[in-house]
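Below you'll find the structure, written out as structure tokens, and then a few comments.
The numbers here are math on the coordinates, done by the rules we state, and not lab data. Keep in mind that this is a model prediction, so the values were computed, not measured. When we count neighbours, we look across all protein chains shown, and the Cβ atoms used for this are built from the backbone with ideal geometry, even at glycine.
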Amino acid sequence: MEDRAKYYGTGHRKDATAKVWLVTGTGTVTINGRPMAEYLGRRTLEALVMQPLEAVEAVGQYDVIAQAVGGGIAGQAGALRHGISKALLQVNDDMRPTLRRQGFLTRDPRVKERKKYGRKRARRGFQFSKR
């Protein structure tokens, strides 16, 4: 495995972080030591993770080995997409315009808003009753 080229990228989404290694291979995707289908469990999330590879027509050329931590499954899938995109730039920087146009290189800034005092959640007030 040492003779195969390795490319690294870190992806973020919400509270999730993904460390992604692209290794020249057959196209298998392993997340936290498990196959992608088993780990994610939803076809839509699998499609989301594969988007950057499909955009640059690199499906089947690289094995994806990833460590995802924090957040939920959907956030981790978004982090994986971001990480794969950044790792593809390590492979060839000419892919940047294609990935940028699709929005895969932009870190989605939306995160959960903090809870405020005097409220039940971030914005929801406590239930009001006249009596």
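Brief remarks follow.
- Residue order, fewest to most beta carbons within 10 Å, for Phe104, Phe126: Phe126, Phe104
- Burial ordering of Ser85, Ser129, fewest other beta-carbon atoms within 10 Å first: Ser129, Ser85
- Shape index of the chain: Rg/Rh, with Rg the Cα radius of gyration and Rh the Kirkwood radius from the inverse mean 1/r over Cα pairs, equals 1.15.
- Under Karplus coefficients 6.51, -1.76 and 1.60, residue-wise ³J(HN,Hα) of the stretch 61-72 in Hz, glycine/proline x: 8, 10, 8, 9, 10, 9, 10, 10, 9, x, x, x
- For Lys120, the lysines whose Cα comes closer than 23 Å to its Cα, not counting residues fewer than 8 places off in the same chain, are Lys14, Lys112, Lys130.
- Secondary-structure-derived ellipticity at 222 nm for the chain, considering helices only, amounts to -10000 deg cm²/dmol, per-run term -39500 (n - 2.57) for DSSP H runs with n ≥ 4.
- Relative to the longest principal axis of the Cα atoms of the chain, the long axis of helix 73-91 lies at roughly 40 degrees.
- With at most 11 other Cβ atoms within 10 Å, longest stretch of the chain clear of loop GluC sites (Glu not before Pro) (DSSP): 58-112
- Distant-in-sequence amide H partners of Gly25 (H built 1.01 Å from N, under 5 Å): Tyr62, Asp63
- Of all lysines in the structure, the ones whose alpha carbon falls short of 18 Å from that of Lys6, not counting any fewer than 8 places away in one chain, are Lys19, Lys86.
- Footprinting exposure proxy ranking of Ile84, Ile65, Ile31, Ile73, fewest other C-beta atoms within 10 angstrom first, gives Ile73, Ile65, Ile31, Ile84.
- Cα-based helix-to-principal-axis angle, 43-55 vs the chain, degrees rounded to 10: 50 degrees
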